[in-house]
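So the structure is just underneath, and the comments pick up after that.
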Amino acid sequence: MAQAQMNKDILNDINGIEEQVIEWRRYFHENPELSNREFKTAEKIATHLKSLGMEVQTGIAITGVVGILKGDKPGKVVALRADIDALPVTERNNLPFKSTVTDTFLNTETGVMHACGHDTHIAILMGVAEVLSKNKDKIKGTVKFIFQPAEEGPPPGEEGGAKLMIKEGVLENPKVDAIFGLHINSGTPVGTIKYKPGGTMAAVERFVVTVNGKQTHGSAPWTGVDPILISAKIIDGFQTIISRESPLVEEAAVITVGKISSGVRFNIIPESAEMIGTVRTLDPNMREMIMRRMNEMARDIAKAYGGSATIEWQNNTVVTYNDPELTAQMLPTLQNIAGANNVNLMKATTGGEDFSYFQEIVPGFYFFLGGMTPGNTTPYPHHTPDFIIDDSGLLLGVKTMTQLSLDYLNAQ
């Protein structure tokens, strides 16, 4: 079914709120909150949704907010999702709305920053909510707005994110028929969109390696067992699993150690060390092989140097899988809104997204929105202190999410 062009009244409504959407984005950027701690963020979202007259649910998965907008005509239910948490990153730029927030993460004092663009996702979806609430007469069915906490993963020992929202019934009452989501991208030019049917983003595992040695004086290493040295050997060994054992011509895979903790003093070889990292895979067989070999390698390398090592695993996401039929159905919408030449097929990435858990339950479509100033040849990656997004890309996000909702519901 061919998608309709955007209604002129709706387009005028969208163009009229661009300044407000940018203002929201800058507020959230300047006031970021870590996963499962997004209390002020959630309060501002809920206040806005209530002001639009829709049914609002709060406290879903600790800090999640859900708004339900019923159209004037009966029909299916489409969900739109935005993630709302920030990262333990200290911002390093001169933006007038730069974050100076600090907090404690894993017992370490750190800056807090929207270094992945979730602030833009919140602002875009708040804008969509405002536009659609003004146009209920054009909605055939129901739109459920899901503002999800802890996409970056809940703190250790806590539940959170999409998994907990699903567990608490976010896809029910009313039952969701399809779900859409987007992610801003600092390396994709403003005005363009990237998408992929099928497997789009990787499954994500979090691992913790505990290495046990024997403490001794730093001047006499032969009287102890050095867990820091063993950790270095294990990290080196892990990389050979990717470079020498993984069939990378089939799918990409990554092992990254992102944190190492050990020792208290320069002249003491400590008793233990801890490494925390992530594994990214796009193929279930490769996932099983990599995890098995990491367990074996950590154990055997530690033993070879006189110590011991164990790994604890936590699954953070499954593969983000765009339903091929839904993707094909909605592709003309993206092309109508952005222009066919600005909607490009992409390859799978080793980034991860817990939006994937929603897609396990209902058909979902997740795409990437340009946030890079056109002509920029050196964009900063996500999750870095210099990460930056061009605000002029937000309006296309509002347009696409609005029209995706209408086209999906009106195709019944």
- Give the number of residues within segment 47-81 that are in a strand (DSSP E or B) and of a type outside the set (D, E, K, R). 17
- Task: May I ask you to list the residues in segment 1-46 that are outside any helix (DSSP H, G or I) and within 21 Å of the chain's Cα centre (by Cα)?
- Result: 31, 32, 33, 34, 35, 36, 37, 38
- Query: Can you tell me how many residues in segment 182-198 are farther than 28 Å from residue 259 by Cβ and among the small types (Gly, Ala, Ser)?
  - Reply: 2
- In segment 261-277, which residues are closer than 15 Å to residue 234 by Cβ and either of a type outside the set (A, V, I, L, M, F, W, C) or surrounded by fewer than 21 Cβ atoms within 10 Å (Cβ to Cβ) (or both)? 261, 262, 272, 274, 276, 277
- Message: What's the number of the only condition in (1) closer than 21 Å to residue 197 by Cα; (2) touching a Ser or Thr at 6+ places or on another chain (Cβ under 8 Å); (3) of a type in the set (D, E, K, R) that residue 360 fails to meet?
- Response: (2)
- Task: Give the number of residues within segment 244-283 that are more than 15 Å from residue 313 (Cβ to Cβ), in contact with a helix residue (DSSP H, G or I) (Cβ under 8 Å, 6 or more places away or on another chain) and touching a residue at least 24 places away in the same chain (Cβ under 8 Å).
- Result: 15
- Taking segment 213-256 as the search range and keeping residues that are β-branched (Val, Ile, Thr) and part of a helix (DSSP H, G or I), which one is most open to solvent (accessible area, probe 1.4 Å)? 228
- Message: Suppose the filter is at pLDDT 95 or above and loosely packed, with under 14 Cβ neighbours inside 10 Å; does residue 74 pass it?
- Response: yes
- Answer yes or no as to whether residue 260 is at pLDDT 95 or above, touching a Leu at 6+ places or on another chain (Cβ under 6 Å) and either β-branched (Val, Ile, Thr) or in a loop (DSSP other than H, G, I, E, B) (or both). no
- How about segment 90-114: which of its residues are of a type outside the set (A, V, I, L, M, F, W, C), open to solvent by less than 30 Å² (accessible area, probe 1.4 Å) and part of a strand (DSSP E or B)? 110, 111
- Query: Out of segment 308-341, which residues are touching an Asp or Glu at 6+ places or on another chain (Cβ under 8 Å) and open to solvent by less than 20 Å² (accessible area, probe 1.4 Å)?
  - Reply: 317, 320, 330, 333
- Six or more apart or on different chains, Cβ under 6 Å: which pairs go from a residue in segment 18-36 that's in contact (Cβ under 8 Å) with a residue 40 or more places away in the chain and open to solvent by 10 Å² or more (accessible area, probe 1.4 Å) to one that's of a type in the set (Gly, Ala, Ser) and part of a helix (DSSP H, G or I)? Could you list them? 24/123
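Yes or no, residue by residue, for (1) surrounded by fewer than 23 Cβ atoms within 10 Å (Cβ to Cβ); (2) at pLDDT 95 or above; (3) in contact with a strand residue (DSSP E or B) (Cβ under 6 Å, 6 or more places away or on another chain); (4) not charged (D, E, K, R):
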{"position": "150", "(1), (2), (3), (4)": "no, yes, no, yes"}
{"position": "163", "(1), (2), (3), (4)": "yes, yes, no, no"}
{"position": "167", "(1), (2), (3), (4)": "yes, yes, no, no"}
{"position": "179", "(1), (2), (3), (4)": "no, yes, yes, yes"}
{"position": "185", "(1), (2), (3), (4)": "no, yes, yes, yes"}
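The values are calculated or read from the model by the stated rules, or taken from the named source; none is laboratory data. Please read all numbers here as calculations on a predicted model, not as lab measurements. Using ideal geometry, Cβ is built from the backbone for each residue, glycine included, and neighbour counts are taken over all protein chains shown. In case anyone asks, the SASA skips ligands and DNA or RNA and just uses the protein heavy atoms, side chains included. Shrake-Rupley method; radii C 1.70, N 1.55, O 1.52, S 1.80 Å.
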